[in-house]
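The values are calculated or read from the model by the stated rules, or taken from the named source; none is laboratory data. Predicted, not measured: the structure shown is a model, and the values here were computed from it. Backbone-built Cβ (ideal geometry, glycine too); neighbour counts: all protein chains shown. Side chains are part of the model used for accessible areas, which takes the heavy atoms of the whole protein and leaves out ligands, DNA and RNA. Shrake-Rupley method; radii C 1.70, N 1.55, O 1.52, S 1.80 Å.
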Amino acid sequence: MTLGASARDKLFVAALLTPCLLFVVVFAYYPIAYSFYLSLHKIVLSLPALGQPFVGLENYRTLLRDGVALRSLTNTALFAFFSVGLEILFGLLIALVIHRRFKGRGIVRAAVLVPWAIPTVVTSQMWRFIFNDKYGLLNFALHGADVGSYTAWLADPGFAFGAIVVADVWKASAFAGLLILAGLQGIPEELYEAARIDGANAWQRFRRVTLPLLKPAILVALLFRTMDAFRVFDLVFVMTQGGPADATNVLQFYGYKKIFAEGLMGYGSTISVLVFVVTFAVAMMYIRVVGTRLFGREA
Amino acid sequence: MRRPGSRWGRGLLAAVIIALSVFALSCEKKAPEGKTVLTFVTWKPNQPEVWDEILAAFSRENPDIDLRREVGPHSSTAFHDLLTQKLKNKSTDADVFLMDVIWPPEFAAAGWAMKLDDRLGEGERERYLKGPLLADTYQGSLYGLPLFVDGGMLYYRKDLLEKYGFEPPATWQELVEQARTIVRGEAGEDEGALYGYSGQFKQYEGLVCNMMEFIMSNRGTLFHRDTRKSGIDEPPALEAVRFVRKEIIGGVAPRGVLTYQEPESLDLFIQGKAVFHRNWPYAWEIANNPERSLVAGKVGVTKLPHFPGGKSFSTLGGWQVGISSYTEHPEAAWRFARYLSSPRVQRLLAVRAGLAPTRKALYDDPDVLGANPQFERMKGVFLAAYPRPRTPLYPAVSHVMQRYFSRAVSDPGVDIAKEAERAAAEINDIVSLSP
């Protein structure tokens, strides 16, 4: 059998691509579709006698009435709002600092990225120790040896929620900074020179040159961080287990508990689908609304 | 792709794949001639050498069985995930396994654990403590053999109690008063150096265990077995929860206990910062180990207090041996399970690993008591220990209770009665799902 060279090349390309496509279908599309399928059934692992009846949208109706789920949805949204907002702010500051040329910049750049490089489970454990009420660094920094005034941070619903935001901001600001830095480096130096010649001061240069041209980079950072924030799991798992009094219960953690601890495959999948839909909607919103307005005007 | 090198590369890749599959095939377990392969699924033990010894002895005495051990995670929750995945898939390579005390009803209802009614005779059952055996029973049938038992108990500072002329407290009110007096007397200006009580009040399973002890010692209950309704919204239970919120959390115990599991609460005690401490039997060895504990030799242990008119109560913990319904070797599996639960193995576990036996007779055994003098006093606790609500949906029930208790004791503004009513309704809904 003989094939033309180009046909053979095409075949080879197809052969190389097929595993990749298969991989995406098997590990990305199939689980999403399967979760959706499961969410339409009533499945209780410890009660096989119930069978796995198709219940249509019943799980979704339950979800709408489930106070704990709605509470964790609110928690997740608030978490995303606060942590992403702060991360973009700090990310911008970090990017502006490490964009400047100064002695030791390489070391500073590497140092700033360390929090991002540490696995979240480890950082969560670290922050759990920092917020500890007896030997935590925070209490020691605030009150020194005055043990009587120590606060049990993670025991207070408000503080505990603040604590997971702080831990997330500490970890992810550097990542936002990295994305924004990439944007900064794409801004031509001549624009600043021109602005300087026109008599613009530092603040004006930042407002009129840097910020507008950084918008695409900021948008990307915003998009990545919001999607991550909506899927937060490990911080909560290690630091608070959703407590106290459900103050830090987030959707992913709630769904995990339903599926793996309680064995409610159907209902737990419904929660996963909700996380997927919310994340997807957030991404679409950013790209559509912010994105087209931004890029549309420029084009 | 026309370079000879790439052809070489692909040839090499193919060779590696073939080699790997041959290797994988050869790893397929092959029983030695005439031997029965038996797989034992267990968690990662604290004392691996003791378990090696136990399994080696069984293999020596049962040459016809090829015993394999699969070691899972140490944490009960993670081990549950691994084991139930296997059983859900009807895997045949989990012949014998360990079950936490709250799992038998779930495993029984799901059809994962084998019924042992015909195998364990009435006379043999008499020899076990009542609580663990009850935990292994679901709808009148037995699904596991008790291996060792855990129960909540009260550790206290012998030296401090003596100094102030106190006997270990019989009621919770006494505990609070003694703790207050001692803390006030000891602290001087150094506020916060000593607390009255430490326990486990984080939002997790341990919170349910702690709260159950308060509630049952006030003649309340979490769950009525006969009517299958939750009892957490009834007056004795509400009263106990109110007591915890008012007198324990931020009272004699620091507010930080709301974030404590066993290790953190034990830390407070062994650093000499708490007068009273609630924990499981394992804490005895640590609290009296001079290398780990600042209060070694000053620690006493006794039954948990109760409310006036109630009886001391201890939440039952511990582990069971179960046999899979999907095993291909029920006889060999039974032989092994029985061996694990035998007086001989239980004695070894008690003497060498400090685990409390489930067989009554061992509490009079000189070897066991020689190694664990505290068992003498713990016996009463274990005899009175009682399992948590037994339903195949226990994990879901537990989560509702964890949420309710966490809200009720951490937030002084919460209307306990109203929250309890809501939680009880939710529990009743869940339980009504199962037959």
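Sort the protein assembly as shown into rounded, prolate or oblate with this rule: let a ≥ b ≥ c be the square roots of the eigenvalues of the Cα gyration tensor; rounded if a/c is under 1.5, and if a/c is not under 1.5, prolate when a/b is larger than b/c, oblate otherwise. Oblate, because a/c is 1.5 or more while a/b does not exceed b/c. Give the residue from B:Y197, B:V244, B:I232 lying farthest towards the positive end of the charge dipole for the stretch B:174-257; charges sit on Cβ (+1 for Lys and Arg, -1 for Asp and Glu) and the dipole is referred to the Cα centre. About the Cα centre, the residue reaching furthest to the positive side is B:I232.
Only helices enter this figure: runs of n ≥ 4 DSSP H residues, each worth -39500 (n - 2.57), summed and divided by the residues of chain A, yield -21500 deg cm²/dmol at 222 nm to the nearest 500.
Comparing the full protein assembly with the isolated chain (1.4 Å probe, heavy atoms, ligands and nucleic acids excluded), the residues of the stretch B:192-218 losing at least 20 square angstrom of accessible area are B:G192, B:Y195, B:K202, B:Q203. Shielding of peptide B:104-111 by partners, expressed as the average count of other chain Cβ atoms within 10 Å per residue Cβ, is 3. Cα centroids of the stretch A:131-183 and the stretch A:26-101: 25 Å apart. Amide H contacts under 5 Å for B:M99: B:Q320, B:V321, B:G322, restricted to partners 5 or more places along the chain or on a different chain, H placed in the peptide plane at 1.01 Å from N.
Within the stretch A:168-299, the proportion of Cα pairs with more than 23 Å between them is 52 percent. Residue by residue along A:257-264, Cβ atoms of other protein chains within 10 Å of the local Cβ number 6 on average. Restricting the calculation to Cα atoms, the stretch B:208-341 yields a radius of gyration followed by a Dmax of 19.4, 56 Å. Note: the stretch A:231-289, Cα convex hull, 84 Å³ per residue.
Expressed as a whole percent, the accessible area of chain A that falls on carbon and sulfur atoms is 71 (1.4 Å probe).
Taking amide H as placed 1.01 Å from N in the peptide plane, B:N279 has its amide H under 5 Å from the amide H of B:M153, B:Y155, each at least 5 places away in sequence or on another chain.
For the stretch B:290-352, the convex hull spanned by the alpha carbon atoms encloses 191 Å³ per residue. Over the protein assembly as shown, accessible surface divided per residue gives 47 Å², non-protein components excluded, 1.4 Å probe.
Entry for the stretch A:85-139 at q = 0.19, 0.23, 0.30 Å⁻¹: log10 I(q)/I(0) = -0.84, -0.94, -1.06, Debye formula applied to identical alpha-carbon scatterers, no solvent contribution. The peptide list A:167-180, A:272-285, put in order of mean Cβ contacts within 10 Å with the highest first, becomes A:167-180, A:272-285. Electrostatic bookkeeping for B:G300 treats Lys and Arg as +1 and Asp and Glu as -1; over the other residues with beta carbon under 12 Å from its beta carbon, the sum is +2.
Dipole check for the stretch B:172-239: with +1 at the C-beta of Lys and Arg, -1 at the C-beta of Asp and Glu, and the Cα centre as origin, the magnitude is about 440 Debye. Taken as entire DSSP H runs, the helices of chain B that both span 18 Å or more between Cα atoms along their own long axis and average 0.5 or more on the Kyte-Doolittle scale are B:4-27. Basic side chains Lys and Arg get +1 at the Cβ, acidic Asp and Glu get -1 at the Cβ, and with that the dipole of the stretch A:97-235 about its Cα centre reaches some 460 debye.
Within the accessible area of the stretch B:258-378, the carbon and sulfur atoms contribute 51%, probe 1.4 Å, all protein chains present. Taking the average, over residues, of other Cβ atoms within 10 Å as the packing measure, peptides A:254-266, A:70-82, B:412-424 rank A:254-266, A:70-82, B:412-424 from highest down. Counting only other chain Cβ atoms within 10 Å of each residue's Cβ, the peptide A:45-55 averages 5.
Each Cα pair of the stretch A:152-239 feeds into the Kirkwood radius, which the Stokes-Einstein equation turns, at 10 °C and 1.306 mPa s, into a diffusion coefficient of 102 µm²/s.
Find which of A:L138, A:L64, A:V108 sits farthest along the positive direction of the dipole of the stretch A:38-151, computed with +1 on the beta-carbon of Lys and Arg, -1 on that of Asp and Glu, about the Cα centre. Positive-end residue among those listed: A:V108. Calculate the length of the line joining the C-alpha centroid of the stretch B:239-301 to that of the stretch B:351-370, in whole Å. With the stretch B:239-301 and the stretch B:351-370 each reduced to a Cα centre, they are spaced 25 Å. Applying a length cut-off of 20 Å (Cα extent along the axis) and a mean Kyte-Doolittle floor of 1.6 to the DSSP H helices of chain A leaves A:67-99, A:265-285.
Placing +1 on each Lys and Arg Cβ and -1 on each Asp and Glu Cβ, with no other charges, gives chain B a dipole about its Cα centre of roughly 1060 debye.
Of the residues making up the stretch B:242-275, those losing 50 Å² or more of accessible area when the isolated chain is joined by the remaining protein chains, with a 1.4 Å probe, are B:T259.
Annotation for the B:A interface, with buried accessible surface near 3100 Å², both sides summed [1.4 Å probe; non-protein components not counted]. From the Cα gyration tensor of the stretch B:35-154, with a ≥ b ≥ c the square roots of its eigenvalues, which class applies: rounded if a/c is under 1.5, or else prolate if a/b is larger than b/c, or else oblate? The shape class here is rounded.
Distance distribution note for the stretch B:289-415: the fraction of Cα pairs above 22 angstrom is 60%. In terms of its C-alpha gyration tensor, chain A comes out oblate, because a/c is 1.5 or above while a/b does not outweigh b/c.
Each of B:T181, B:F79, B:G165 was scored by the projection of its Cα onto the charge dipole of the stretch B:34-190, and the greatest displacement toward the positive side belongs to B:F79; charges sit on the C-beta of Lys, Arg, Asp and Glu.
What is the projected area of the convex hull of the Cα atoms of the stretch B:117-234, averaged over all directions, in nm²? Taking the Cα atoms of the stretch B:117-234, their convex hull projects to 11.0 nm² on average. Pairwise Cα distances in chain B exceed 28 Å for 54 percent of all pairs.
Taking chain B as a Gaussian network of alpha-carbon nodes connected by springs under 10 Å, the highest mean-square fluctuation of the residues B:N289, B:N279, B:N210 belongs to B:N289.
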